[in-house]
Amino acid sequence: MATMNKVEPGKLFIGKVRHGGDLLEELTTLCLKENIRLGRVGALGAVQRARLGFYDQQTQEYQFFVVDQPLEITALLGNVSLKDGTPFVHAHVTLADKTGHAYGGHLAPGTVVFACEFILEAFDGPLLERNFDETTGLHLWAMPE
Amino acid sequence: MATMNKVEPGKLFIGKVRHGGDLLEELTTLCLKENIRLGRVGALGAVQRARLGFYDQQTQEYQFFVVDQPLEITALLGNVSLKDGTPFVHAHVTLADKTGHAYGGHLAPGTVVFACEFILEAFDGPLLERNFDETTGLHLWAMPE
Amino acid sequence: MATMNKVEPGKLFIGKVRHGGDLLEELTTLCLKENIRLGRVGALGAVQRARLGFYDQQTQEYQFFVVDQPLEITALLGNVSLKDGTPFVHAHVTLADKTGHAYGGHLAPGTVVFACEFILEAFDGPLLERNFDETTGLHLWAMPE
């Protein structure tokens, strides 16, 4: 069974990430600055290069790779929760090159913004802390099953 | 012209789907359990395998196919409405493999979760019921044009 | 540093775009009709053909291309702001063909709807106007850095 917490909408923001900024770092910095500890983020735009992760479900390690070319961000979807007590942004991105070919993965540091427009929402409610999960090797939300 | 109903935000949830669960079934079960009859869902995560649909606009039949490998869910977007009077989740997913290559389609039963984090929102307002649409062969919302 | 404005949730709508309509034009018309000058849109569905843009970061010009086949819309993410004082929809789409292969880009006029379900949200708060940005050659939101 899936598990979920009821939350309430909190502060809502619309904005842009600066040209040349690191996409994941910039979003994380905003959450720290505004003390957003639970929430959601969505974005679109373009990057100068992307660094993505794929989680190897067998070895239980992330494999990181770079797509070293300008790409459109066709979708960024992420959430905000706590890891080691600090706001942590977990985001996945879908990207497209000049031919329209699409790429995707786990957003990693090293993704450089060309232009990016985002919507960031805070939620009020039970905080979610990421803990090591033995089954997957990931840091997942500690919630009663 | 497009057609739309004004609605109000209802209950809001953040949670995770259990490892090994069927992604579409788990989301549907949550809607049934919480009696969410109108709403929105978004998610990211990873699957052990995906089963997707593509709607053939000529024959007006879904073609289903399996991508039988671990994949990141880079974006799941869906809505909740009624079909035969029961909560029905309609979701599309974008996925990526270990090389970053992206796949997508209509989320079908048979997509097995590795880890999945979602945000589920209920809307209050006029309920939307899916009825057979002669033009497309799909079950679309019955709304005045 | 990223820049953002705090806003409040406004009117919320769920609806569908008519079969055969131009996806971007229909969404824009809805914003004009409802006087939505700031907001967010998300959608899924299918198109008969897609016309997409890729922004060439070197020449600072959009390159447009057509994917002339039926495709699923796996994700449409967009925002609403002002350009020349008028509501302007900026949306990116991810699409998939019958093999599950994914495409993506900036949604351009010329994308013809087969069926499309959307959620459109207005935000109340400081309006955002698109102005020419010298660094990128794009029309970006005028916000203090």
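The values are calculated or read from the model by the stated rules, or taken from the named source; none is laboratory data. Just so you know, these numbers come straight off a predicted model, no measurement behind them. Every residue, glycine as well, gets a Cβ built from its backbone with ideal geometry; the counts of neighbours run over all protein chains shown. Side chains included, ligands, DNA and RNA excluded: accessible areas come from the protein's heavy atoms. Shrake-Rupley method; radii C 1.70, N 1.55, O 1.52, S 1.80 Å.
In straight-distance terms, cross-link reach from B:LYS98 covers every one of the lysines whose alpha-carbon lies under 24 Å from its own, apart from those fewer than eight places away in the same chain; here that gives A:LYS98, B:LYS16, C:LYS98.
What's the magnitude of the charge dipole for the protein assembly as shown around its Cα centre, counting Lys and Arg as +1 and Asp and Glu as -1 at the beta-carbon? Answer in Debye, nearest 20. Mind showing how you got there, number by number?
Values: 36 positive and 54 negative charges, 80 e Å.
Its charge dipole is roughly 380 debye.
Taking the C-alpha atoms only, the angle from helix A:23-34 to the longest principal axis of chain A is near 40 degrees. Just to confirm the numbers: A:ASP124, label point 7 angstrom along the Cα-Cβ line, distances to the other copies in nm, shortest first? Label point to label point, same position, other copies: 1.7, 1.7 nm. Each residue of region B:125-133 was assigned a 3J(HN,Hα) from its phi angle through the Karplus curve 6.51 cos²θ - 1.76 cosθ + 1.60 (θ = phi - 60°); the sequence is x, x, 6, 10, 10, 7, 10, 4, 10 Hz, with glycine and proline shown as x. Across the copies of the chain, B:PHE65 has label points (7 Å from Cα along Cα→Cβ) spaced 1.9, 1.9 nm apart, shortest distance listed first.
With contacts taken as Cα pairs under 8 Å and at least 6 residues apart, region A:30-74 reaches a relative contact order of 40 percent.
Cα convex hull of chain B: mean projected area in nm², to one decimal? Intermediate values should be presented prior to the final figure.
On the way: hull surface 36.8 nm².
The number I arrive at for chain B is 9.2 nm².
Counting only heavy atoms of the protein chains and using a 1.4 Å probe, C:HIS90 has close to 20 Å² of accessible surface.
What percent does the relative contact order of region A:62-118 come to when contacts are Cα pairs within less than 8 Å and at least six residues apart?
27 percent
Where only DSSP H runs of four or more residues are counted, chain C gives -2500 deg cm²/dmol as its mean residue ellipticity at 222 nm, each run worth -39500 (n - 2.57). Summary of the geometry: region C:75-145 and region C:20-73, compared by the centres of their Cα atoms, lie 7 Å apart. Accessible area per residue was computed with a 1.4 Å probe on protein heavy atoms; C:MET1 scores about 80 Å². Placing a label point 7 Å from Cα along the Cα-to-Cβ direction at C:GLY110 gives distances to the equivalent points in the other copies of 3.6, 3.6 nm, listed shortest first.
Amide H contacts for B:LEU138 (H built 1.01 Å from N in the peptide plane; partners 5 or more residues away or on another chain; cut-off under 5 Å): B:ASP133. Largest first, the extents of the alpha carbon coordinates of region A:88-145 on the three principal axes equal 45, 29, 20 Å.
Determine the relative contact order of region A:91-145: mean sequence separation of Cα pairs under 8 Å and six or more apart, normalised by residue count, in whole percent. Each step should come with its number before you reach the end.
Details: 39 pairs, mean separation 10.5, N = 55.
Reported relative contact order: 19 percent.
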